[in-house]
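Input: a single structure, listed below in structure tokens.
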Amino acid sequence: MAAETRIDPMHQFQISPLLGNLDGSPFVFTTSALWMLVILALIWLFMMGGMKRALVPGRWQVAVEGVTGFVDSMLSTSVGPEGRRFLPWVFTIFMFILTANLLGLMPFALVGVHPFTVTSQFTITGVMAIMSFSIVLITGFWRHGFHFFSLFVPHGTPFALKLLIVPIEFISFMVRPFSLATRLFVAMIAGHILVEVFANFVVQGLNAGGLVGPGISLVAFIFIIGVMALEVLVCAIQAYVFALLTSLYINDAVNLH
Amino acid sequence: MDLASAKMIGAGLAAIGVGAAAIGVGNVFGSFLESAIRNPAAADGQQGRLFIGFAAAELLGLMAFVVAMMVMFM
């Protein structure tokens, strides 16, 4: 019995079409698109509820002001006074990643809805990372022209060392969008696989019966509670890290060392 | 040894890197805490650097996970 039920932790990341089919037209309304719309609606509701400009703010307005103030202070400490011009983009990715990560953890399966973590797809995180990277490139070349390439040459390096350092700096610069995207989607996938595997242990332990089975289920269930708490932390940290690294890269482009 | 079992063993070996990254992440936070207790006034200003170090250390562990998944499923 227990040997037949094979754990398939990758099934939850599959995208299924809701309208149209996947091999036909390139414009298909998928589960991923549906969850992105849900995220958009949630962020819109959150922002609309708090943007009131009341002199004595209510709870909701304090929450919204807290989030915007947090991203704003992060940008101004890492970029400087000019960082506020990039606030729309950094705030957008921070809110999108945070909402998507937390929404993917919600136990909607209790009411029969299969939650889908949008940020567990490399296409989504890759597009966001490429957009951050192009903002860095455009800003750098716009403000400094070809002087932007001095980013690869640290000040006061001897010539012999420059031959070594410039290629290393160039590679570490070019690998940035890849590392930015990979960090987010792998962290999400790893957490969901961990939860899925241990949730399977609970079910299989109950199915096995006897004395040992339910005991193993109980241990796995307690473990899942701890892992879920850790996952909520990871969701917030990953959103913070993505926004923080984006603002650091923007700082490189604006201030050139 | 057939290919399927060799794949599993390879994925398991690749997962060792995740443990190594755990040492790195623990080192980042441990060192931060050690110095933050000595000078609590300066700790808040270094929070950004703390998370940069965390992100760099964590990325390598996640890369090990990616390698393990690629060995298993590709």
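Values quoted throughout were computed directly from the atomic coordinates according to the rules given, and no laboratory measurement underlies them. This structure is a prediction, so every number in the text was calculated from the model and none was measured. Every residue, glycine among them, receives a Cβ derived from its backbone with ideal geometry; neighbour counts consider all protein chains shown.
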> Which condition number in (1) within 14 Å of B:GLU58 (Cα to Cα); (2) surrounded by fewer than 18 Cβ atoms within 10 Å (Cβ to Cβ) is the one that A:GLY215 fails?
Replying inline: (1)
> How many residues, within the range B:1-30, are of a type in the set (S, T, N, Q) and over 23 Å from B:GLN47 (Cα atoms)?
Replying inline: 1
> Any chance the range A:227-240 includes a residue that's surrounded by 15 or more Cβ atoms within 10 Å (Cβ to Cβ), closer than 30 Å to A:GLY145 by Cα and touching a helix residue (DSSP H, G or I) at 6+ places or on another chain (Cβ under 9 Å)?
Replying inline: no
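Got a number for residues in the range A:117-137 being within 17 Å of A:GLY104 (Cβ to Cβ) and touching a residue at least 60 places away in the same chain (Cβ under 8 Å)? Step through it out loud before you land on a result.
Step one: of the range A:117-137, the residues within 17 Å of A:GLY104 (Cβ to Cβ) are A:117-125, A:128.
The next check asks that each one be touching a residue at least 60 places away in the same chain (Cβ under 8 Å); those that pass are A:117-122, A:124-125, A:128.
Selection size over the range A:117-137: 9.
Go through chain B and tell me which helices (runs of 4 or more DSSP H), entirely inside it, have 2 or more residues that are touching a residue at least 24 places away in the same chain (Cβ under 8 Å) and more than 14 Å from chain A (Cβ to nearest Cβ). Step through it out loud before you land on a result.
Working: elements: B:3-14, B:16-38, B:40-43, B:47-73.
Output list reads B:3-14, B:16-38.
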> Failed condition for A:PHE116, given (1) within 18 Å of the chain's Cα centre (by Cα); (2) part of a helix (DSSP H, G or I), with all others met?
Replying inline: (2)
> Residues of the range A:204-217 being without any contact (Cβ under 8 Å) to a residue 12 or more places away in the chain and of a type in the set (A, V, I, L, M, F, W, C), which ones?
Replying inline: A:LEU206, A:LEU211, A:VAL212
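Out of the residues in the range A:138-178 that are in contact (Cβ under 8 Å) with a residue 60 or more places away in the chain and surrounded by 14 or more Cβ atoms within 10 Å (Cβ to Cβ), which is nearest to B:VAL66 (Cα to Cα)? Full working, then the answer.
To start, the set of residues in the range A:138-178 that are in contact (Cβ under 8 Å) with a residue 60 or more places away in the chain comprises A:139-140, A:143-144, A:147-148, A:150-151, A:154-155, A:176.
So of that shortlist, the ones also surrounded by 14 or more Cβ atoms within 10 Å (Cβ to Cβ) come out as A:139-140, A:143-144, A:148, A:151, A:176.
On the way: A:THR139: 32, A:GLY140: 32, A:ARG143: 37, A:HIS144: 37, A:PHE148: 33, A:LEU151: 30, A:ARG176: 17 Å.
If we take residues in the range A:138-178 being in contact (Cβ under 8 Å) with a residue 60 or more places away in the chain and surrounded by 14 or more Cβ atoms within 10 Å (Cβ to Cβ), then A:ARG176 is nearest to B:VAL66 (Cα to Cα).
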>> Looking only at the range A:78-113, how many residues end up being outside any helix (DSSP H, G or I) and surrounded by fewer than 19 Cβ atoms within 10 Å (Cβ to Cβ)?
In response: 5
